[in-house]
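This report refers to the structure that appears directly beneath it.
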Amino acid sequence: MNEETEYATFAGGCFWCIEAAFEELGGVRETTSGYCGGHVEEPTYREVCSGNTGHAEAVRIGYDPDVLDYPDLLRVFFTVHDPTTLNRQGPDVGTQYRSAIYHHDERQRELAAAFIAELEERGAYDDEIVTELEPLGTFYEAEQEHQDYYEKNPNDRYCTINVDPKIRKVREQFAEKAK
């Protein structure tokens, strides 16, 4: 077993949704909800929700590259959110809910760009993909109450309406990769 942990960072709406979906995968060692892509240092949840910091709610995923590879993560990411809606996922509206891939290195950038181009070429979506592809920059961890939110609050109304369907998708479409 590989002791090395690799990282990927995605934004696709509320971080509770993205975090819970990736937690379903074998090979995911850790997930951390946080904020990327903004201009304010050490932003708070309230500040990010205002839409004034430029940050997106994002999830940093630590994974075992012997079990999952980066293209596996991209497939899951593009399955559990709508990459064609600008600054919106479900009931969550604003730039903080944009679709974005924050690449950690040039290899990730190239793989993500090629993956998006392939999706566009085959017409995987009716509308154009608006997912931003940006270098990671600074990742600010969200407050503790946002970490593992779904695990701690599975009966929360938001979770039952918005997170549960994403988890079902992962379990159904990626059963071979599930925990």
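The values are calculated or read from the model by the stated rules, or taken from the named source; none is laboratory data. Note that the coordinates shown come from a computational prediction; the quantities given were computed from them, not determined experimentally. Here Cβ is always computed from backbone atoms with ideal geometry, including for glycine, and neighbour counts include all displayed protein chains.
The condition of being modelled with pLDDT of 95 or more and in contact with a Gly (Cβ under 7 Å, 6 or more places away or on another chain) holds for TYR97.
Pairing each residue of the stretch 43-65 that is among the acidic types (Asp, Glu) with any residue that is surrounded by fewer than 16 Cβ atoms within 10 Å (Cβ to Cβ), provided the two are 6+ apart or on different chains, yields C-beta distances under 7 Å for GLU47/VAL40; ASP64/ASN2; ASP64/THR5; ASP64/ARG29.
Taking the criterion of being modelled with pLDDT of 95 or more, closer than 15 Å to GLU19 by Cα and in contact with a Lys or Arg (Cβ under 9 Å, 6 or more places away or on another chain), the residues of the stretch 140-179 that qualify are GLU141, GLU145, VAL170. Scanning the stretch 84-122 for residues that are farther than 12 Å from ALA8 by Cα, crowded, with 22+ Cβ neighbours inside 10 Å and touching a Leu at 6+ places or on another chain (Cβ under 9 Å) returns ARG98, SER99.
Taking the stretch 106-144 as the range and being under 16 Å from the mean Cα position of the chain (by Cα), farther than 15 Å from ARG60 by Cβ and assigned to a loop (DSSP other than H, G, I, E, B) as the test, the residues that pass are ILE129, VAL130, THR131.
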